[in-house]
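Nothing in this text is a laboratory measurement; each read-out follows from the coordinates by a stated rule. Just so you know, these numbers come straight off a predicted model, no measurement behind them. Cβ placement follows ideal geometry from the backbone for every residue including glycine, while neighbour counts extend to all protein chains displayed.
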Amino acid sequence: MANINQNQDREQWGSKIGFILAAAGSAVGLGNLWKFPYMAGKNGGGAFVLVYFIILFLVGFTLMLAEIVLGRHTQLNAIGAYRKIRKNWAWVGGLGVLAGFLILSFYSVVGGWVINYIVKSLTGALNVSDAEVLGGMFGELISGTTVPIFYHGLFMLATLLIVFGGIGGGIEKSSKIMMPALFIMIIILAIRSMTLPGAVEGIKYLLVPDFSKITIGVILDALGQVFFSLSLGMGCMITYGSYLSKDTNIPQSATIIPLIDTGVALLAGLAVLPAVFAFGFEPSAGPGLIFITFPAVFAQMPLGSLFAVMFFVLVLFAALSSSISLLEVCVAYVVDEWKMNRKVTTIVLGVVIFLIGIPCSLSLGPWSDITLLPGKGFFDTFDFVSSNILLPLGGLLLCIFVGWIWGTDNAIKEATNDGNLEFKLSGAWAFLVKYVGPVAILLVFIRSLL
Ligand code: PHE
């Protein structure tokens with residue numbers, strides 16, 4: 001009885017489009033705008049994109065559906081969802097909540113840089129075309145002490161305020177504003193960038209694969225990137241799915257969300273890389289690509305400062321619509337399982353994550369000597385452990401759970417609303433969850449350890 005009552009009290013998305021925008025908002029984020037272009041740049045461009053696509057088709061769509069179905073079926077947070085079906089699997093959800101904590105703590109540091117860059121572009125401080133000066137400026141920001149921590153705090157505060165408003169009034173409402181704005185801005189920027197003289201080289205770099213560049217490292221990076229970018233493997237889509245009503249068409253949603261995410265990643269690549277080539281910069285500049293190279297590009301472009309402001313606002317929107325989902329995973333757990341007040345939980349967790357983010361920020365400056373893994377400080381360790389280990393591991397366990405423990409028949413029953421909906425590819429999906437997903441993830445894992 002308790003469960004039924006609890007589910008009746010549970011908030012739900014106000015509309016189907018609201019859910020899709022919120023879930024796409026979770027997926028589209030720094031992973032698309034900041035990481036994808038530099039990962040593609042670093043890993044040989046088209047080669048990386050090709051591997052990314054293969055993994056997306058084999059694993060991305062599959063796990064998106066699996067997570068949403070699991071969430072809606074149980075109407076519970078990540079840990080509760082596993083526990084409801086099989087008690088001793090709750091820890092898998094726990095790994096997810098842990099990943100959410102770790103990701104948000106460094107994610108918010110980068111979100112802070114973005115706010116700082118909005119300020120910089122508004123004050124004209126970015127109006128420099130010398131990449132070296134810009135590099136110095138970026139280095140000074142991220143290696144600082146109080147300034148990056150202050151902006152990290154601002155970003156966490158914004159995240160907290162949205163989650164404070166709940167599912168409908170906070171997450172859904174903000175996504176309905178931020179996501180359409182983001183689509184418009186990224187399209188304008190991609191067109192601007194692709195019409196620069198010399199942009200063709202950048203487009204080619206991104207889209208024409210050089211097979212000799214595909215190594216196991218590239219594959220592991222692409223696997224981690226698919227998980228990170230689609231917000232998979234940590235229960236985020238389980239949590240968002242748990243707020244769905246029983247009549248939503250999940251197979252359709254689980255197709256649209258990855259399509260939007262990949263579309264935005266490609267558009268981001270097409271906004272960043274052609275411009276980088278057009279002005280003769282290096283595509284492999286790494287994490288600084290959008291903070292160093294891109295402003296240099298803007299500075300040389302007509303109306304560049306306008307585009308710069310637009311770009312960083314876009315990145316902020318994308319980052320916020322993701323950070324709220326990361327916080328929600330943790331909040332939903334505490335609210336469901338410990339029966340805590342939602343607002344209090346949001347504040348407490350927001351503050352805790354802010355505190356954990358501080359060492360991440362400091363590890364890029366004053367604490368750069370402290371390493372947790374060989375050669376990796378707090379920031380890089382959190383990123384590596386969450387994206388390249390916890391998320392794929394969470395994905396692997398999710399496949400096993402849905403494919404073998406809960407069973408694909410039960411999952412398909414939920415996905416088709418008890419047989420009332422058509423799900424043409426259900427057979428293929430079952431095969432992918434049971435066999436292809438686990439084997440593919442395991443192979444990449446084992447290879448990368450050797
Ligand atoms: N998908 C988000 C991005 O691309 C990051 C994220 C990962 C969000 C995992 C939620 C869960 O930036």
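Along segment 151-160 the Karplus relation, 6.51 cos²θ - 1.76 cosθ + 1.60 evaluated at θ = phi - 60°, assigns HN-Hα couplings of 5, 4, x, 4, 5, 5, 4, 4, 4, 4 Hz to successive residues, with x for each Gly and Pro. Of all lysines in the structure, the ones whose alpha carbon falls short of 29 Å from that of Lys84, not counting any fewer than 8 places away in one chain, are Lys16, Lys246, Lys339, Lys343, Lys413, Lys424, Lys434.
Taking Arg86, Arg342, Arg192 in turn, the Gaussian network model of the chain (Cα-Cα springs below 10 Å) assigns the largest fluctuation to Arg86. The HN-Hα couplings worked out from phi for segment 351-360 by the Karplus form 6.51 cos²θ - 1.76 cosθ + 1.60 (θ = phi - 60°) are 5, 4, 5, 4, 5, 5, x, 4, x, 4 Hz, whole numbers, x standing for Gly and Pro. The calculated FRET efficiency for Thr123 paired with Val200, based on their beta-carbon distance and R0 = 35 Å, is about 0.55. Take the Cα of Phe211, step 7 Å toward its Cβ, do the same at Lys87, and the gap between the two points is 5.3 nm. Note on the chain: with a GNM built from Cα contacts shorter than 10 Å, the maximum mean-square fluctuation among Gly46, Gly394, Gly419 falls on Gly419. The angle between the Cα long axis of helix 216-229 and the main principal axis of the chain comes to about 70°, on a 0 to 90 degree scale. Mean residue ellipticity at 222 nm, helices only, the chain: -22000 deg cm²/dmol; runs of at least 4 DSSP H residues each add -39,500 (n - 2.57), and the sum is divided by the number of residues.
Within the listed set Pro374, Pro287, Pro251, the residue fluctuating most in the Gaussian network model of the chain (springs between alpha-carbon atoms under 10 angstrom) is Pro374.
Exposure proxy shown here: for Leu442, Leu30, the number of other Cβ atoms within 10 Å sets the order, fewest to most, as Leu442, Leu30. With R₀ fixed at 22 Å, the C-beta to C-beta distance from Glu132 to Ser284 puts the FRET efficiency at about 0.85.
Axis of helix 46-55 versus longest Cα principal axis of the chain: the two differ by about 10°, to the nearest ten degrees. Couplings 3J(HN,Hα) for segment 369-384, derived from phi with the Karplus relation 6.51 cos²θ - 1.76 cosθ + 1.60 (θ = phi - 60°), are 7, 7, 10, 9, 10, x, x, 10, x, 4, 4, 5, 5, 4, 5, 5 Hz, where x marks Gly and Pro.
Using the Cβ-Cβ distance between Phe431 and Thr145 with R0 set to 60 Å, the FRET efficiency works out to roughly 0.70.
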